[in-house]
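First the structure, in the form of structure tokens, and then the observations on it.
The values are calculated or read from the model by the stated rules, or taken from the named source; none is laboratory data. The shown structure was predicted, so the numbers you read here are calculated from the model rather than taken from an experiment. Methodologically, a virtual Cβ is constructed for each residue, glycine included, from the backbone with ideal geometry; neighbour enumeration extends over all protein chains shown. Areas reflect the complete protein model, heavy atoms only, side chains present, ligands, DNA and RNA absent. Shrake-Rupley method; radii C 1.70, N 1.55, O 1.52, S 1.80 Å.
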Amino acid sequence: MNKHFALQESGQAQVQAAGQNSLRQGPDDRGRFGIFGGRFVAETLMPLILQVEQAYDATKTDPAFQVELDGYLKNYVGRPSSLWFAERLTAHFGGAKIYFKREDLNHTGAHKINSCMGQILLARRMGKTRIIAETGAGQHGVATATVCALFGLPCTIYMGATDVERQKPNVFRMKLLGAEVRPVTAGSATLKDAMNEAMRDWVANVDDTYYLIGTAAGPHPYPEMVRNFQCVIGNEAKAQLLEAEGRLPDVAIASVGGGSNAIGLFHPFLDDASVRLIGVEAAGHGIDTDKHAASLARGKPGVLHGNMTYLLQDADGQIQEAHSISAGLDYPGIGPEHSWLHDTGRVEYVPIGDDEALEAFQLCCRVEGIIPALECAHALAHIAKIAPTMGPDQIILLNLSGRGDKDIFTVAAHIGQTL
Amino acid sequence: MTRTGAASRIAARFAALRREGRGALIPFLEAFDPDLETSTAILHGMPAAGADLIEIGMPFTDPMADGPIIQLAGQRGLKAGATLAGTLAMVRHFRETDDATPVILMGYLNPIVAYGPERFCTDAAAAGVDGLIAVDLPPEEADMLAPFAAVQGLDIIRLIAPTTDDARLPYVLEGSSGFIYYVSITGITGTRSASGADLAAAIPRLRRFSDLPIAIGFGVRTPSQAAEATSIGDAAVVASALIDTLAKSLDEHGRATPETAGLVLDQVRSLAAAVRGVRAAA
């Protein structure tokens, strides 16, 4: 009996040694994280998706690809981004030490460029000559237009007509960078419709076009690929914090829309059981109203945009409108790996509303001299809740995923100021 | 185990048409577009107008493979209260007076997931549905629906695209039943059309891999295109052109007018006349 038990235990140890118990193994060969993910696209696109997967897999074992990418990340994007000890904010809350991973200092002002750079190099290797992308707030559109300008590739950005109207500076930036911005009037004319329209374009232009998806969602291999390109955030932050503090953080926290900045921060910490991981969803006017973007808190698993994941939907499976003051979080779904991390309990997901985010946004400006993106302000607002409950020997690591210059018009309107 | 009654409606219809020596016309309507009463009138009038099989679209908020015409049809349907349960009720009602014309439901996966794939297949078969087309369900993910459809004798009709190469074709065809739906263009519905030369090259390629009847859709708009499609394939699916007619017949508030159903059915008649004028090649 005892001998049998011991054998079982040693078997488990072997499994662990082989890394099989790691939370970082996903997705499986069907592109699934548990039940989430997969490849739910029309047959016309299926051969393309497989082509992207094959090409991406080839880059994983090609050291030259990583060397090329690292070169652009260092010299064009400006990596590594700094790790900033937010001393005054720490004193303000009077609890845990707060560190910012400064993705806002990247070229184009957000984390989006990490994945755009990786994907444009992939597209070039695949011999694609035209790039399409969707954008909500316009940050991913600007980052895509930027790398397309850098490599001289024509670029079409789909953007909901509603978003085109409320994000005019980014629309102009994309145009300056040489991109064509196509406003989408179909459906609700927001990010999800822009994604539908980009997929329709791809179906019609399969030979020459690469679809550069902005978040860690969509059909396999996009959730895995975008995550891997964004893991530079967590990998750098881990090394930087070990150097500064000689230890891992107690909490790593990030805002979650589609979830690319959050998965990039979280993934390198998934197997560090001592690190509490917190994703902050946009609660808009409140998760018990019909105006929020909290897919995990209020959604159900379903299929949209090529993957199975938590979605805001009605009883008949029709997709509902999301709402957030932050256009970057204004999406009725979430990347499939987050759905899995939610169900397994490894990551906690909490909702933060528009008003709390606005308050945190202003606080960060005044206390740290950093105008954060409204997306990150959601995570800052949750830090305001937990930091005072933690000790001064504890550490919170925030992914400050973007700068907030793009948001000043929205914020001004909400606090009653005219520019 | 398998309920053969439902599946056999599609097989029986194609067998009968083969004996007649002609191809099939498969007109499409979107459920509840622009309202339940009008779409019911169109559905019930289609067999007499010359529909050999009927495809009913199940409205979805995010129809990624559809062009503007069918997108708007779905939005009108949803506004009029379309649900999967409502669409199945339409079919049940239709079966009270027509037990021969095969009915295929076409739509996207999420409403089926929300309904419950197993319960959906049970209820669809009980309502008198014969086949299902789930646009965003490639063979890689088919196990979400196919086992339940098989138990109920519902055909799973797979889309084959010009991008589906010879290496992939056998995989896609494995588990296909009823007929093959050839998406004749790389693109979304109602935008462009394949040439006769494209089809003449594509269809024999499919025949090398399957004995199933081949329907051609996406971009078949006119009677002459429908005739050409059935002279090369076995059936023509016409969707956007009919919905275009419906949409143009609506009043300024998007409501049906007394002419709406009649205009759509007149168009079905002219398409059917063209298809019936074609003698099967060989």
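Looking at B:L132, B:L109, which one is within 14 Å of another protein chain (Cβ to nearest Cβ), surrounded by 20 or more Cβ atoms within 10 Å (Cβ to Cβ), within 17 Å of the chain's Cα centre (by Cα) and aliphatic (A, V, I, L, M)?
After ruling out the rest, the residue left standing is B:L109.
Provide a single number: the residues in region A:27-61 that are open to solvent by less than 70 Å² (accessible area, probe 1.4 Å), at pLDDT 95 or above and polar (S, T, N, Q).
1
Any residue in region B:29-53 that is surrounded by fewer than 24 Cβ atoms within 10 Å (Cβ to Cβ) sitting within a Cβ distance under 6 Å of a residue that is basic (K, R)? List the pairs, counting only those 6 or more apart or interchain.
From residues that are surrounded by fewer than 24 Cβ atoms within 10 Å (Cβ to Cβ), the pairs are B:A49/B:R269; B:G50/B:R269.
Among B:T164, B:T189, which is the only one that is touching a Gly at 6+ places or on another chain (Cβ under 7 Å) and among the β-branched types (V, I, T)?
B:T189
Out of the residues in region A:298-310 that are more than 7 Å from chain B (Cβ to nearest Cβ) and assigned to a strand (DSSP E or B), which is surrounded by the most Cβ atoms within 10 Å (Cβ to Cβ)?
Here the residue is A:T309.
Of the residues that sit in region B:185-225 and are touching a Leu at 6+ places or on another chain (Cβ under 7 Å) and either open to solvent by 70 Å² or more (accessible area, probe 1.4 Å) or not in a loop (DSSP other than H, G, I, E, B) (or both), which one is nearest to B:I157 (Cα to Cα)?
Within region B:185-225, the match that is nearest to B:I157 (Cα to Cα) is B:I214.
Checking the conditions here, which among B:A80, B:A85 is over 16 Å from the mean Cα position of the chain (by Cα), of a type in the set (A, V, I, L, M) and surrounded by fewer than 19 Cβ atoms within 10 Å (Cβ to Cβ)?
Just one listed residue meets the conditions, B:A85.
Does region A:251-267 contain any residue that is in a loop (DSSP other than H, G, I, E, B) and free of Cβ contacts under 8 Å to residues at least 12 places away in the same chain?
Within region A:251-267, none of the residues are in a loop (DSSP other than H, G, I, E, B) and free of Cβ contacts under 8 Å to residues at least 12 places away in the same chain.
Could you please tell me which pairs satisfy a Cβ distance under 8 Å, a separation of 6+ or placement on different chains, a first residue in region B:144-165 that is away from chain A (no Cβ under 14 Å), and a second residue that is open to solvent by less than 20 Å² (accessible area, probe 1.4 Å) and assigned to a loop (DSSP other than H, G, I, E, B)?
Correct list of pairs: B:L154/B:V129; B:L154/B:D130; B:D155/B:D130; B:D155/B:G178; B:D155/B:F179.
For A:I213, are the conditions met, namely being open to solvent by less than 10 Å² (accessible area, probe 1.4 Å) and part of a strand (DSSP E or B)?
When the stated conditions are applied, A:I213 does not pass them.
Any residue at all in region B:69-89 that is more than 12 Å from every other protein chain (Cβ to nearest Cβ), over 22 Å from A:V303 (Cβ atoms) and out of contact with any Leu (no Cβ under 7 Å at 6 or more places or on another chain)?
Checked region B:69-89: at least one residue is more than 12 Å from every other protein chain (Cβ to nearest Cβ), over 22 Å from A:V303 (Cβ atoms) and out of contact with any Leu (no Cβ under 7 Å at 6 or more places or on another chain).
Can you pull out every residue in region B:232-266 that is surrounded by fewer than 20 Cβ atoms within 10 Å (Cβ to Cβ) and polar (S, T, N, Q)?
B:T245, B:S249, B:T257 - these are the residues of region B:232-266 that are surrounded by fewer than 20 Cβ atoms within 10 Å (Cβ to Cβ) and polar (S, T, N, Q).
Are there any strands (runs of 3 or more DSSP E) wholly within region B:13-120 with 3 or more residues that are among the small types (G, A, S), and if so which?
In region B:13-120, there are no strands (runs of 3 or more DSSP E) which contain 3 or more residues that are among the small types (G, A, S).
Could you run through region A:172-207 and say how many residues are within 13 Å of chain B (Cβ to nearest Cβ) and either in contact with a helix residue (DSSP H, G or I) (Cβ under 8 Å, 6 or more places away or on another chain) or not in a loop (DSSP other than H, G, I, E, B) (or both)?
The number of residues fulfilling the criteria is 22.
Would you mention how many residues in region B:56-68 are more than 9 Å from chain A (Cβ to nearest Cβ) and in contact with a Ser or Thr (Cβ under 7 Å, 6 or more places away or on another chain)?
2
Restricting to region A:382-408, and then to whatever is more than 18 Å from A:K97 (Cβ to Cβ) and of a type outside the set (K, R), can you tell me which residue is surrounded by the fewest Cβ atoms within 10 Å (Cβ to Cβ)?
Result: A:D405.
Would you say A:Y349 is part of a loop (DSSP other than H, G, I, E, B) and open to solvent by 10 Å² or more (accessible area, probe 1.4 Å)?
Judged against the criteria, A:Y349 is not a match.
Could you please find all residues in region B:142-176 being among the hydroxyl-bearing types (S, T, Y), open to solvent by less than 20 Å² (accessible area, probe 1.4 Å) and part of a helix (DSSP H, G or I)?
The answer is none; no residue qualifies.
Every residue, every condition in (1) among the aromatic types (F, W, Y); (2) at pLDDT 95 or above; (3) open to solvent by less than 30 Å² (accessible area, probe 1.4 Å), yes or no:
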{"site": "A:F172", "(1), (2), (3)": "yes, yes, no"}
{"site": "A:L177", "(1), (2), (3)": "no, yes, no"}
{"site": "A:G218", "(1), (2), (3)": "no, yes, yes"}
{"site": "A:R227", "(1), (2), (3)": "no, yes, yes"}
{"site": "A:G234", "(1), (2), (3)": "no, yes, yes"}
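Filter region B:112-129 down to the residues that are within 11 Å of chain A (Cβ to nearest Cβ) and among the hydrophobic types (A, V, I, L, M, F, W, C), then identify the one that is nearest to B:V183 (Cα to Cα).
Only one residue tops the list, namely B:I112.
Please give the number of the condition B:R95 fails out of (1) within 14 Å of another protein chain (Cβ to nearest Cβ); (2) more than 17 Å from B:P27 (Cβ to Cβ); (3) not polar (S, T, N, Q).
Result: B:R95 passes all but (1).
For A:Y331, which of the numbered conditions (1) open to solvent by less than 20 Å² (accessible area, probe 1.4 Å); (2) out of contact with any strand residue (DSSP E or B) (no Cβ under 7 Å at 6 or more places or on another chain); (3) at pLDDT 95 or above fails to hold?
(3)
Just checking: which of the helices (runs of 4 or more DSSP H) contained wholly in region A:62-141 hold 3 or more residues that are surrounded by fewer than 16 Cβ atoms within 10 Å (Cβ to Cβ)?
Ranges flagged: A:63-72, A:87-93.
Is it the case that B:G74 is open to solvent by 10 Å² or more (accessible area, probe 1.4 Å) and at negative phi?
Details: open to solvent by 10 Å² or more (accessible area, probe 1.4 Å): no; at negative phi: yes.
Considered against the rule, which asks whether it is open to solvent by 10 Å² or more (accessible area, probe 1.4 Å) and at negative phi, B:G74 comes out as no.
Which condition from (1) touching a strand residue (DSSP E or B) at 6+ places or on another chain (Cβ under 7 Å); (2) within 29 Å of A:A186 (Cα to Cα); (3) open to solvent by 20 Å² or more (accessible area, probe 1.4 Å) is the one that A:R276 breaks?
(2)
For region A:313-326, which positions are more than 9 Å from every other protein chain (Cβ to nearest Cβ) and open to solvent by less than 10 Å² (accessible area, probe 1.4 Å)?
Step one: filter region A:313-326 for residues more than 9 Å from every other protein chain (Cβ to nearest Cβ), giving A:321-326.
Passing the criteria: A:S324, A:S326.
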